[in-house]
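Right, one structure below, let's go through it.
Bear in mind that the values in this text are calculations on the coordinates, not laboratory data. Quantities reported herein were computed from a predicted structural model and do not represent experimental measurements. Here the Cβ is made from the backbone with ideal geometry for all residues, glycine too, and neighbour counts use every protein chain on show.
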Amino acid sequence: MVLDPSLDSTTYVEDCEVCCNPLEISYRIEDDCLAHFEARTLD
């Protein structure tokens, strides 16, 4: 999975590369470092 560091924070849906089920991806960048990352399944 590739994250876009030009965005300070974002949430989006992406299909899992292994099982093809949708995942909600959320992350936050602070001072050019990944400060928060979460991936959860959508039922």
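Might you report the magnitude of the Cβ-based charge dipole of the chain about its Cα centre, with Lys and Arg at +1 and Asp and Glu at -1, to the nearest 20 debye?
In total the dipole reaches around 100 debye.
So which GluC sites (Glu not before Pro) in the chain are both in a DSSP loop and have at most 16 other Cβ atoms within 10 Å of their Cβ?
Values: sites: 14, 17, 24, 30, 38; in loops: 17.
Those that pass, being in a loop and sparsely packed, are 17.
Under the Kirkwood approximation applied to all pairs of distinct alpha-carbon atoms, what is the hydrodynamic radius of the chain in Å?
Values: mean 1/r = 0.0914 Å⁻¹.
The answer is 10.9 Å.
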